[in-house]
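Here the structure comes first, spelled out in structure tokens, and everything after it is commentary.
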Amino acid sequence: MTDPNKILLDENEMPTQWYNIVPDLPAPPPPPLHPGTHEPATAEDFSALFPQALIAQEMSQDRYIDIPGEVLDVYRLWRPSPLFRAHRLEKLLDTPAKIYYKYEGVSPAGSHKPNTAVPQVWYNAQEGITKLTTETGAGQWGSSLAFACAQFGLESEIWQVAASYRAKPYRRTMMEIWGGKVHPSPSEVTEFGRSLLEQDKDHPGSLGIAISEAVSQAVEDPKTRYALGSVLNHVLMHQTIIGEEALRQLAKVGAVPDVLVGCTGGGSNFGGLAFPFLREKLKGNMDPVIRCVEPTACPTLTKGQYRYDFGDTAGLTPLMKMHTLGASFIPEAIHAGGLRYHGMAPLVSHIYDLGLVEAIAIPQTECFAGALQFAKAEGIVPAPEPTHAIAAAVREALACKETGEEKVILTALCGHGHLDLAAYDKYLSGDMVDLDLSDEVIGAAMQGIPDIGQ
Ligand SMILES: *Cc1c(COP(=O)(O)O)cnc(C)c1O
């Protein structure tokens, strides 16, 4: 054994800048558009939603942005995060491949989400904002934002997709422990929520609906802003600390990835891991295949259209060019709640459109089968979302077994599954099924995508 199992960085080796991939791309990403005029959105168009500093980051052409000292101080509660070489999984799979995973489950909330929650709250606090609203699915983002708000003394109000609110009570408790006020979405609090509850009092909700509710409440109060846990440029940029650390950790053992796989819901953990490696690829320093992995139940990249669409269901956000299944698409209640978003980060969509990354979709039973192998070998129980990345890594490792190639595979284990054991229970008892998503269902929501002639 040459590599240690666990490759660590000292605190003083932690990156102090985030990486913005935009200036390094071969073509600029299409800009967000004002929903009324269809002209490129201006900083002003975002100012009721986000603080100036984050709007500037959203539109920035700077390659590197310094991480504020107070944000670094909070990051140090769990960062630098460990990179593991999965020797035991390799042995179980009997593969010559070398599998590395960057583990983000060591954060207080148990996922990568605090990497962006902490700076988002800090920048809002600097501009005198006292409360943030947001949406959450399984509760990973809501709990991360509540944690970050508690660090800097802000209030948080969170709309949780009703199906998850009912099925996953423990993350709601975490949000409440950190001072968050949580509503099931659709809720009685907003006009949009009330209109949906009138149609169906047991409405399961969706991320798009919860975003509409959180946005509508933020714009009503000058001291309140909205925070988004994925999708936007600044969110992906904050997450690049994952990839920057992983680059340094792999360099310590002299490894260079041949394949990088990451699960994509809105694209933030994927972008966070992949963008620093894509920078090195574009510079000619390495040549990894980079692959997005999504659920077959919400196949945004592999079956969606690359079009301008709304980020939310009510149509309150600027239009973003992204792979989308339509803002009214309500995916099946698969266990990977964080991957049930109708759209994809515009930056990830753009690099996919440019052919710089690949995408595949994997059904959830294969994901949980891979997760069980992983948990038995490596010990850590993965969150349902990164089981997609694990299943893709397992596929790749088994292909190496056939060909005898010693590929280096890198992925992010972006969260642990301690609050998702009900999903494992379902898998273990044989009750988990893969639902076939018909082209009809996919086509239906896509008819609602606004036609703006682009
Ligand atoms: C939120 C979440 C995701 C999906 O969001 P991305 O922006 O695609 O990363 C994936 N995994 C975990 C653990 C999450 O909490």
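For Gly266, the criteria (1) without any contact (Cβ under 8 Å) to a residue 60 or more places away in the chain; (2) more than 21 Å from Lys6 (Cα to Cα) hold in every case but one, which is (1). The set of residues in segment 345-379 being open to solvent by 20 Å² or more (accessible area, probe 1.4 Å) and of a type in the set (Ser, Thr, Tyr) consists of Tyr352, Thr365. For segment 314-348, a residue qualifies if it is over 19 Å from the mean Cα position of the chain (by Cα) and polar (S, T, N, Q), and exactly one does: Ser328.
To keep it simple, each residue is scored yes or no on (1) of a type outside the set (Val, Ile, Thr); (2) farther than 26 Å from Tyr306 by Cα.
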{"position": "Pro29", "(1), (2)": "yes, no"}
{"position": "Pro40", "(1), (2)": "yes, no"}
{"position": "Ala48", "(1), (2)": "yes, yes"}
{"position": "Gln52", "(1), (2)": "yes, yes"}
{"position": "Ile65", "(1), (2)": "no, yes"}
{"position": "Leu83", "(1), (2)": "yes, yes"}
{"position": "Glu104", "(1), (2)": "yes, yes"}
{"position": "Ala109", "(1), (2)": "yes, yes"}
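Would you be able to tell me the number of residues in segment 214-269 that are within 16 Å of the ligand (Cβ to nearest atom) and among the hydroxyl-bearing types (Ser, Thr, Tyr)? Qualifying residue count, segment 214-269: 4. Scanning segment 408-423 for residues that are of a type outside the set (A, V, I, L, M, F, W, C) and open to solvent by 50 Å² or more (accessible area, probe 1.4 Å) yields a single hit, His418. For segment 430-442, state whether one or more residues are closer than 30 Å to Ser144 by Cβ, within 16 Å of the ligand (Cβ to nearest atom) and under 24 Å from the mean Cα position of the chain (by Cα). No, every residue in segment 430-442 fails to be closer than 30 Å to Ser144 by Cβ, within 16 Å of the ligand (Cβ to nearest atom) and under 24 Å from the mean Cα position of the chain (by Cα). Gln447 fulfils the conditions (1) open to solvent by 30 Å² or more (accessible area, probe 1.4 Å); (2) farther than 30 Å from Ala27 by Cβ; (3) away from the ligand (no atom under 16 Å from the Cβ) except for a single criterion, (2). Within segment 292-316, the set of residues being buried (at least 24 other Cβ atoms within 10 Å of the Cβ), within 16 Å of the ligand (Cβ to nearest atom) and among the hydroxyl-bearing types (Ser, Thr, Tyr) comprises Thr300 only. The residue list Leu92, Leu77 contains one member that is of a type in the set (A, V, I, L, M, F, W, C), open to solvent by 50 Å² or more (accessible area, probe 1.4 Å) and out of contact with any helix residue (DSSP H, G or I) (no Cβ under 6 Å at 6 or more places or on another chain), which is Leu77. Determine, yes or no, whether Leu356 is assigned by TED's automatic domain parsing to the domain that holds Pro386 and within 14 Å of the ligand (Cβ to nearest atom). So Leu356 fails the test. For segment 381-407, a residue qualifies if it is under 22 Å from Leu247 (Cβ atoms), surrounded by fewer than 21 Cβ atoms within 10 Å (Cβ to Cβ) and not acidic (Asp, Glu), and exactly one does: Lys407.
Applying a threshold of 9 Å to beta carbon distances and a minimum spacing of six or more residues, or different chains, the list of pairs starting in segment 223-244 at a residue that is of a type in the set (Ser, Thr, Tyr) and ending at one that is more than 13 Å from the ligand (Cβ to nearest atom) and part of a helix (DSSP H, G or I) reads Thr224/Gln217; Thr224/Ala218; Tyr226/Ile211; Tyr226/Ala214; Tyr226/Val215; Tyr226/Gln217; Tyr226/Ala218; Thr240/Pro276. For Thr313, the conditions (1) at pLDDT 90 or above; (2) part of a loop (DSSP other than H, G, I, E, B) are fulfilled apart from (1). In summary, helices (runs of 4 or more DSSP H) completely within segment 149-234 and bearing 1 or more residues that are within 13 Å of Thr136 (Cβ to Cβ) and either in the same structural domain as Ala345 (by TED's automatic domain parsing) or open to solvent by 10 Å² or more (accessible area, probe 1.4 Å) (or both) occur at 162-167, 169-177, 207-218. Residues in segment 117-162 that are free of Cβ contacts under 8 Å to residues at least 60 places away in the same chain and of a type in the set (Asp, Glu): Glu155 only.
Is there a residue in segment 295-306 that is aromatic (Phe, Trp, Tyr) and assigned to a loop (DSSP other than H, G, I, E, B)? No - not one qualifying residue is present in segment 295-306.
Residues in segment 118-141 that are out of contact with any helix residue (DSSP H, G or I) (no Cβ under 7 Å at 6 or more places or on another chain) and surrounded by 24 or more Cβ atoms within 10 Å (Cβ to Cβ): Asn124, Trp141.
For segment 1-40, a tally of residues being surrounded by 13 or more Cβ atoms within 10 Å (Cβ to Cβ), in a loop (DSSP other than H, G, I, E, B), out of contact with any helix residue (DSSP H, G or I) (no Cβ under 8 Å at 6 or more places or on another chain) and modelled with pLDDT of 95 or more returns 1.
The values are calculated or read from the model by the stated rules, or taken from the named source; none is laboratory data. For clarity, every value in this text was computed on a predicted model and none was experimentally measured. Quick reminder, even Gly has a Cβ in these numbers, built from the backbone with ideal geometry, and neighbours come from all protein chains shown. The protein model used for the area step is the full one, side chains on, heavy atoms only, and it has no ligands, DNA or RNA in it. Shrake-Rupley method; radii C 1.70, N 1.55, O 1.52, S 1.80 Å.
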